[in-house]
Each structure stands twice: as structure tokens, then as C-alpha cells.
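The values are calculated or read from the model by the stated rules, or taken from the named source; none is laboratory data. Quick caveat: nothing in here was measured; it's all calculated off a predicted structure. Cβ placement follows ideal geometry from the backbone for every residue including glycine, while neighbour counts extend to all protein chains displayed. What goes into the accessible areas is simple: the full protein's heavy atoms, side chains included, and nothing from ligands, DNA or RNA. Shrake-Rupley method; radii C 1.70, N 1.55, O 1.52, S 1.80 Å.
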Amino acid sequence: MRLELTNHEALHGWGVVNNSADWHAQRNRKPPASIQAVGDILFKAYGCRTDTTTTVELSDDERASLAELVSEHIALWGKRGQENAATPHLRSLVMKLGG
């Protein structure tokens, strides 16, 4: 699936993936392959961005994994009362992913 994302959606989406990878690393675990792949895709896409958008190509598994991970991240922030400026961009990303 080809998606056009704002630069903020790509950047904050990559941040969530990177945060998940750090969590796994602290526990001597390896993150799921689909999450690693999505992180690489978002990081490369952000590096190739135009002034306002970037385009990514995600498989159905990658799309579903990213939607689930970002949704969980948003829910955790909300539960802790820690929503911030990234939250609207992440919500928009989840909507585009179909989650």
C-alpha cells in the first residue's frame, strides 16, 4: 500500500518505532521483523522528503503492525496524561493506516 504522509507523521511514526526498538533492546530482545522493516522505511522516507510530504510503500503486515504499535503508544500516553504535540500527527497516521 502506497501512502503519502506529512513529514510530521513520518518523523513521529519513526520515533514510536525507534522507542519500541529501544524497549526491546533494554530487555535483550529483538523487535518483530515487521516493526524493524517499518522503522527502516519511515527513516529512509523522512530522509527523502519534500518540503511537506513523503511517500511510503508498506505491505499489509507492515501497515497493520505500525497501526497497532502507534495506537498502543497513543493509548498509553493518554492513560498517563502525557499527550503532547506529536499526538495529533500520530492519530492522523493511524487514520491513514486504516487503524
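Measuring nothing but protein heavy atoms, the accessible surface of the range 1-86 at 1.4 Å probe radius is 50 percent carbon and sulfur.
What the range 15-99 shows is 61 Å² of accessible area per residue, with the surface traced by a 1.4 Å probe over protein heavy atoms. Estimated from helical segments only, the mean residue ellipticity of the chain at 222 nm is -22500 deg cm²/dmol, where each DSSP H run of four or more residues counts as -39500 (n - 2.57). Highest mean packing comes first when the peptides 60-73, 80-93, 20-33, 38-51 are listed by Cβ atoms within 10 Å, giving 60-73, 38-51, 80-93, 20-33.
The structure-derived value of mean projected area of the Cα convex hull in nm² appears in the list (i) 6.0; (ii) 6.9; (iii) 8.6 under the label (i). Stretched out straight at 0.36 nm per residue, the stretch from R2 to A64 would grow longer than its current Cα-Cα span by 21.0 nm. Here the relative contact order of the range 4-50, from alpha carbon pairs under 8 Å that lie six or more residues apart, stands at 50 percent.
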